[in-house]
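Some notes on the structure that comes next.
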Amino acid sequence: MTDERPRPATDKRTADKRTAALDAAIHLVGTEGLRALTHRRVDAIAGVPAGSTSNYFRTRQALVEGVLDRLLEQDRVQLAAIGSAMPGDACELEELMHGYVMFVTGDDLVRTRARFAMFVEAMATPDLRAGVETRRSELRGWIGTVLAGLGVDDSATAARVLIDYLDGLILHRCTSHDDGPDPRDGVARMVRMLLPTAG
């Protein structure tokens, strides 16, 4: 009987290399833009032999779709971590939203820029647009749950308003030479507008 036990380790190494290639691709898109995304550049950044990335993603479109899938996967992990501590009042929600904005425009800026680049690409690519909408639906659902728990009647509409505001704020901070003042006051005003009983 053939011993198949080594196969899971081999499969894991393959998955790890594929993930490393996608993370390198996200870094490339987030620092140099989607135009810079090529299999050869990803190989170089990932530190893998030439041709490795094309083994996992035969075409550039497959690589682009892989990048979006990886971003969505990472977003779900982050959302699950955030969701473990649901805000109990307006102040906690303000703190959570402000912390999120500062994180995605600070330590996580490269990934945020990559995400926006993918959003722009998705406008002309139906398959990508479906992935982007999946992410937005998940985020709207989570924020809607938070707002409902805080007593907002039409939590779905309120969630959409809050997400649209945060997206605009994040985009401004990502594309401006000057980040401007700390966004805490604006975030607080938006939250308290949606939760009038908190003001």
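Structure values in brief
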quantity: Under 14 Å, Cβ to Cβ, from THR125 - net charge with Lys/Arg +1 and Asp/Glu -1; calculated: -3
quantity: Spread of Cα-to-Cα distances over 10 Å intervals beginning at zero, given as percent, for the range 78-199; calculated: 12, 43, 34, 10, 0
quantity: Kirkwood-Stokes translational diffusion coefficient of the range 1-157, alpha-carbon pairs, 20 °C, 1.002 mPa s, µm²/s; calculated: 122
quantity: Potential extension, ALA124-ASP154 segment - 0.36 nm per residue separation minus Cα distance; calculated: 7.6 nm
quantity: The chain - accessible surface per residue (Å², probe 1.4 Å); calculated: 56
quantity: Extension gain (nm, one decimal) between THR31 and PHE103, 0.36 nm per residue minus Cα-Cα; calculated: 24.2 nm
quantity: Gain on full stretching of the segment that runs from VAL77 to MET193 - 0.36 nm per residue minus C-alpha separation; calculated: 38.8 nm
quantity: Distance between the range 145-199 and the range 101-125 - C-alpha centres, whole angstrom; calculated: 18
quantity: Accessible area of the chain belonging to carbon and sulfur atoms, whole % at 1.4 Å probe; calculated: 55
quantity: Label-to-label distance, nm, for residues given as ALA85 and SER176 (7 Å Cα→Cβ offset); calculated: 2.8
quantity: The chain: relative contact order as a whole-number percent, Cα under 8 Å and 6+ apart; calculated: 21
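The values are calculated or read from the model by the stated rules, or taken from the named source; none is laboratory data. Predicted model, so just to flag it, every value in this text is computed and none were measured. Here the Cβ is made from the backbone with ideal geometry for all residues, glycine too, and neighbour counts use every protein chain on show. For accessibility, only protein heavy atoms count, side chains too; no ligands or nucleic acids. Shrake-Rupley method; radii C 1.70, N 1.55, O 1.52, S 1.80 Å.
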